[in-house]
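Report on one structure; see the data block that follows.
A short reminder: the numbers here are calculations on the coordinates, not readings from a lab. Just so it is clear, the structure is predicted and the values come from calculations on it, not from any experiment. No Cβ is skipped: glycine too gets one built from the backbone with ideal geometry, and neighbour counts run over all protein chains shown.
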């Protein structure tokens, strides 16, 4: 199946189109052998929620036609475009001095911030100065420091119900998903801005996404499902319906090297992060806003 022209990619990475790859679609997680995760003293095979779908691994370069489908135009904005780039060198140097790349655990990441208050303050100020021109004259705010194990194919999991001190093997991973489902509907998913995620780790990490806004996904399902089944589709279960009925719709993969970022409206498209193939702890910082340029 060919990708449609919907969500665009504004690519400022030095690797250019070399940072992008595409595959032939998705599979139900039980039809896919998850990669073994071995880190420090933990070893486990990730388990997914029952309804989860995951990407196929047949990645390849994009064709000229596919790149044209993703090419940005004058209509680019905070919800219809994925922006890719690198943070400024002074900000990179500040994060390097915090030694986040040497951290081996979540606790160590936060300890490096806590024991360097002046450096943390400087990084925060430089980050604010970087984000302000991208903010579209709208408010933005810090969301989280994300920490993931290496070699995890799809990293997102809901840990809010897990006890303190849980092991990574206790997680149930979401698979490709859309964010923010408790506060929106299919019709309003495009109204909630976007996020910027910056790779602060030592290895590359990856953004995987489907370049369809949620409203377009629903329109495609409308042509496929009977009225009675379509009535069951909502913002929470729409990924399951889409991947079941359109398993051949391709997934785009973006390589994020250290200190590179993506900006994406993750409420308005199916996506996930990946650390597959990496060896070191994954660390990223996320801000919410309505970023664009």
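What order do you get for 144, 69 when you list them from fewest to most C-beta neighbours inside 10 Å?
On the way: 144 12, 69 17.
With the sparsest Cβ surroundings first, the list reads 144, 69.
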### Summary
Given a Förster distance of 51 Å, the FRET efficiency implied by the Cβ-Cβ spacing of residue 89 and residue 185, rounded to the nearest 0.05, works out to 0.75
### Summary
The simple spin-label model distance between residue 159 and residue 138, using points 7 Å out along Cα→Cβ, in nm, is 2.8
### Task
Please report how far the C-alpha centroid of the range 257-282 lies from that of the range 216-249, rounded to the nearest whole angstrom.
25
### Query
With a 10 Å Cβ neighbour count serving as the proxy for reagent exposure, in which order, fewest first, do 179, 282, 170 appear?
170, 179, 282
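Using only the Cα atoms of the range 105-227, build the gyration tensor, take square roots of its eigenvalues as a ≥ b ≥ c, and label the shape rounded, prolate or oblate: rounded if a/c is under 1.5, else prolate if a/b is larger than b/c, else oblate.
Numbers: a/c = 2.37, a/b = 1.41, b/c = 1.69.
Here the range 105-227 falls in the oblate category.
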### Query
By how many nm would the segment from residue 4 to residue 40 grow when fully extended, if each residue of separation counts as 0.36 nm and the alpha-carbon distance is taken off?
8.7 nm
### Summary
Hydrodynamic calc, the chain: Kirkwood Rh from Cα pairs, then Stokes-Einstein at 25 °C with viscosity 0.890 mPa s, so D in µm² s⁻¹ is 125
### Query
Taking the chain as a Gaussian network, Cα atoms linked when under 10 Å apart, which of 222, 167, 96 shows the biggest mean-square fluctuation?
167
### Query
Per residue of the chain, what 222 nm ellipticity follows from adding -39500 (n - 2.57) for every DSSP H run with n ≥ 4, rounded to the nearest 500?
-6000 deg cm²/dmol
### Message
In the range 156-185, whose amide N lies under 12 Å from the spot 7 Å out along Cα-to-Cβ of residue 107? List them in ranges.
### Response
165-166
### Message
Can you sort 228, 236, 103 from fewest to most other Cβ atoms within 10 Å of each residue's own Cβ?
### Response
228, 236, 103
### Summary
Between the Cα axis of helix 214-224 and the main Cα principal axis of the chain, the angle (0 to 90°, nearest 10) is 20
